[in-house]
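Below: the structure, in structure tokens.
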Amino acid sequence: MAIRRPTFLTALVASSALALTACSGGSGGGGDDESYSIGINQLVQHPALDAATAGFKESFEEAGVDATFDEQNANGEQATALTIAQQFSADDLDLALAVATPAAQAMAQNITDTPLLFTAVTDPTSAELVDSDNTPGGNVTGTSDAAPIDKQLELLKEIVPDAKKVGIVYASGEVNSKVQVDQAKKAAGPAGLEITTQTVTTVNEIQQAVKALGDVDAIYVPTDNMVVSGIASLIQVAENKKIPVIGAESGTVEGGAVATLGIDYTELGRQTGEMALRILQDDEDPATMPVEVATEFTYVVNEDAAKRQGVTIPKDILDEAERQ
């Protein structure tokens, strides 16, 4: 696992949202001199998923390949993700992209003849998107955003050395989140930590769920689409109670968490786009294209958030950091 030198955010960074406007369909035929028609179903708008979608599109631009993208956002609603998938199944697309696990599940249920890629999916096998990561076996493959949870809990211990009890709030309906909670519980023992959890079914339940965690020493936020999209609610309670928050990805840190050792979602999206180009231009078969994973992880720390949440970043981390 490659780990880049840490990057520090010295102030809260305003997340630039990707403009998700629908575009007209393409030729449906593809070819080196033609425009490919690609449908994108993104579960919800938040920095990580926005970055993955942007990176996917950038890969086409960088390769000089013309493509028309029909971008749709489900606004965090599974029913809307399903409606988008049904719409795409009737369209003359060359390829489709699903961003996040629930969107990918909706797309896989409805699109069976067109190549379908996913990104920002933690465990595609558990989500029943592929037969296995090495041999997907159908028309679906893509990239996983599985986080180095054991290393993230080690980071938590560096920042909160006396931490014993760590709280996690996650969406009960997201398979990817359940997988991460199980992994966190497994990694917690060797780190001397105990995990306590609360689940939510809507963004509006986040604040109450954080309060219901009780007396925890820190909060860990997995790559849970619902919770990340409502991260401001979680951070508000954490700051009021002086509970440090560690995230699984950099967008959470931009939203007010103290730190992460996480994935660059723009690069993950770009990696997915490169897979798409191999399918469209080199006739590679998704059934035999292994699911790819991120190979580089980046430290991101928000010093202002650390102050508000009552922790001090250790000097050895500060000494290693590249500042922006």
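Given a 1.4 Å probe, how much area per residue of the chain is accessible, in Å²? Could you put the intermediate results ahead of the total?
On the way: 13110 Å² over 324 residues.
In whole numbers, the chain has 40 Å² accessible per residue.
Give me the Å³ per residue figure for the convex hull around the C-alpha atoms of the range 245-287. Please list the in-between numbers first.
Values: hull volume 3.2 nm³, N = 43.
Hull volume normalised by residue count: 74 Å³.
How high is the relative contact order of the chain, in percent, with contacts defined as C-alpha pairs under 8 Å that are six or more residues apart? Please report the intermediate quantities before stating the final value.
Details: 788 pairs, mean separation 82.8, N = 324.
Relative contact order comes out at 26 percent.
Give the peptides 45-52, 258-265 in descending order of average Cβ contacts within 10 Å, highest first.
Working: 45-52: 25.4, 258-265: 27.0.
Highest mean packing first, the order is 258-265, 45-52.
So how do 218-228, 273-283, 234-244 stack up, highest first, on mean other-Cβ count within 10 Å?
Details: 218-228: 26.5, 273-283: 17.7, 234-244: 19.3.
Going by the mean number of other Cβ atoms within 10 Å, highest first, we get 218-228, 234-244, 273-283.
Would you work out what percent of the accessible area of the chain, with all protein chains in place, is carbon or sulfur (probe 1.4 Å)?
Details: 5780 of 13110 Å².
The computed percentage sits at 44.
More than 23 Å apart: what percent of Cα pairs in the range 90-195 qualify?
Numbers: 2187 of 5565 pairs.
It works out to 39 percent of all Cα pairs.
Using a 10 Å cut-off on Cβ atoms, rank the peptides 140-149, 285-294 from the highest mean neighbour count down. Show your work: numbers first, answer last.
Working: 140-149: 23.7, 285-294: 16.9.
Peptide ranking by packing, descending: 140-149, 285-294.
Can you tally the net charge around ALA305? Count Lys and Arg as +1, Asp and Glu as -1, for every other residue whose Cβ sits under 10 Å from the Cβ of ALA305.
Values: positive: LYS307, ARG308; negative: GLU239, GLU254, GLU303, ASP304.
Around ALA305, the charge tally is -2.
Given the pairs LYS211/LYS315; LYS157/LYS315; LYS151/LYS178; LYS151/LYS241, which span a C-alpha to C-alpha distance of over 22 angstrom in this model? Intermediate values should be presented prior to the final figure.
Values: LYS211/LYS315 31 Å; LYS157/LYS315 14 Å; LYS151/LYS178 18 Å; LYS151/LYS241 25 Å.
Where the Cα-Cα span goes over 22 Å, the pairs concerned are LYS211/LYS315; LYS151/LYS241.
So what's the gap between the Cα centers of the range 227-270 and the range 147-178, to the nearest angstrom?
Centre-to-centre (Cα) distance: 11 Å.
Stokes-Einstein at 25 °C, 0.890 mPa s, Kirkwood radius from Cα pairs: D for the chain in µm² s⁻¹? Can you show the working numbers first?
Values: Rh = 19.9 Å.
Roughly 123 µm²/s, to the nearest whole number.
Any idea what the dipole of the chain comes to, in debye rounded to 20, about its Cα centre with Lys/Arg Cβ at +1 and Asp/Glu Cβ at -1?
1880 debye
Any idea what the relative contact order of the range 43-142 is, in percent, if you count C-alpha pairs under 8 Å spaced at least 6 apart?
23 percent
Find which of MET289, ALA232, THR266 sits farthest along the positive direction of the dipole of the range 222-324, computed with +1 on the beta-carbon of Lys and Arg, -1 on that of Asp and Glu, about the Cα centre.
Value computed over the given set: ALA232.
Could you give the angle, 0 to 90 degrees to the nearest 10, between helix 175-188's Cα long axis and the longest principal axis of the Cα atoms of the chain?
40 degrees
Taking the chain as the reference, fit the longest principal axis to its C-alpha atoms, fit the long axis of helix 47-63 to the helix C-alpha atoms, and give the angle between the two in degrees, 0 to 90, nearest 10.
For 47-63 against the chain, the angle is about 40 degrees.
For LYS164, which aspartates and glutamates qualify as cross-link partners when the Cα separation must be under 16 Å and same-chain residues fewer than eight apart are set aside?
The reachable aspartates and glutamates, counting only those whose Cα sits under 16 Å from LYS164, are ASP150, GLU154, GLU194, ASP215, ASP217.
Can you tell me the length gained on complete extension of the stretch LYS157 to SER132, counting 0.36 nm per residue apart and subtracting the Cα distance?
On the way: separation 25, 0.36 × 25 = 9.00 nm, distance 3.38 nm.
Roughly 5.6 nm would be gained on extension.
By how many degrees, 0 to 90 and rounded to 10, does the Cα axis of helix 265-282 deviate from the longest principal axis of the chain?
Once rounded, one gets 20 degrees.
The values are calculated or read from the model by the stated rules, or taken from the named source; none is laboratory data. All figures in this text were calculated on a predicted structure; none of them were measured in a lab. Neighbour counts are summed over all protein chains in view; Cβ atoms, including those assigned to glycine, are modelled from backbone coordinates with ideal geometry. Accessible surface is based on the protein model in full, side chains and every heavy atom, while ligands, DNA and RNA are left aside. Shrake-Rupley method; radii C 1.70, N 1.55, O 1.52, S 1.80 Å.
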